[in-house]
1. Net charge within 14 Å of residue 117 by Cβ-Cβ distance, Lys/Arg positive one each and Asp/Glu negative one each, not counting residue 117 itself?
2. Tell me the label-point distance for the pair residue 199, residue 56, using the 7 Å Cα-to-Cβ offset, in nm and rounded to one decimal.
3. Label the stretch 138-199 by shape, choosing from rounded, prolate and oblate, from the square roots a ≥ b ≥ c of the eigenvalues of the Cα gyration tensor; if a/c is under 1.5 it is rounded, and otherwise prolate applies when a/b is larger than b/c, oblate when it is not.
4. What's the center-to-center distance, using Cα atoms, between the stretch 3-68 and the stretch 142-199 in Å?
5. Could you give the angle, 0 to 90 degrees to the nearest 10, between helix 14-34's Cα long axis and the longest principal axis of the Cα atoms of the chain?
6. Which shape class applies to the stretch 1-132: rounded if a/c is under 1.5, otherwise prolate when a/b exceeds b/c and oblate if not, where a ≥ b ≥ c are the square roots of the Cα gyration tensor eigenvalues?
7. Which FRET efficiency value, to the nearest 0.05, is calculated for residue 166 and residue 34 with the Förster distance at 30 angstrom and r the Cβ-Cβ distance?
8. Between residue 6 and residue 192, what length comes free when the chain is fully extended (0.36 nm per residue of separation minus the Cα-Cα distance, one decimal in nm)?
Amino acid sequence: SQFRRLCRDDFLNYLRVREWQDIYTQLRQVVKELGLPVNSVPSNYRSVHSAILAGLLSHIGQKDADKQVFTGARNARFSLFPGSGLFKKPLKWIMVAELVETSRLWGRIGARIEPEWIEPLAQHLVKHSYSDPHWSKSQGAVMASEKVTLFGLPIVAARQVNYSSIDPLLCRELFIRHALVEGDWQMRHAFLRENRTLR
């Protein structure tokens, strides 16, 4: 009863504190059974939230422009619960612990995340699509724009990647047309000089 009174005096919810204590005890017990070492130094924000994110990949959301609505996995649209401490903060990406549907879909217990944290954790779930393969004189290779999506949500919009491992036949054709025929490749190889002379 003294602990309950202490929580009330400090404006803490007694049941939430008890839940946290139970989860903490269970995690320590599992770590001990597995023989994993316990950190002696507190972990940083990214490490903790990346570990949680690995289990909540379907609970991520990207904020829509000019709205308080997030687009989530499989095009689900949810709002951050108004009681959240993040409700009025300018977030671009968020992860929520639970999605609750009442009058509309609410995301509860949210945390700010960065989109670059998602791809390494979801390698087995992401889909890659490529567009605009073209010869890049500066790179000396065929480049394309890559789009990476997770459950339909774009986590990488337009990343330039080397296209040679994706479609080697098209790359060969573009290399011959642009680099060799049009001379759009600045190298000092003997065969290149002979090729220019022949042209």
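1. Values: positive: 46, 92, 112; negative: 114, 116, 119.
Result for the neighbourhood of residue 117: 0.
2. 5.6
3. Values: a/c = 4.32, a/b = 3.15, b/c = 1.37.
It comes out prolate by the Cα gyration axes.
4. Between the Cα centre of the stretch 3-68 and that of the stretch 142-199, the gap is 46 Å.
5. 60
6. Details: a/c = 2.41, a/b = 1.31, b/c = 1.84.
It is oblate, given that a/c is not under 1.5 and a/b is not larger than b/c.
7. On the way: r = 40 Å, r/R0 = 1.32.
After rounding, the FRET efficiency stands at 0.15.
8. Numbers: separation 186, 0.36 × 186 = 66.96 nm, distance 8.11 nm.
Value of the extension gain: 58.9 nm.
Every number in this text was worked out from the coordinates using simple rules, so none of it is lab data. Bear in mind that the values here come from a model prediction, so they are computed numbers and not experimental data. So basically every Cβ, Gly included, is an ideal-geometry build from the backbone, and we count neighbours across all protein chains shown.
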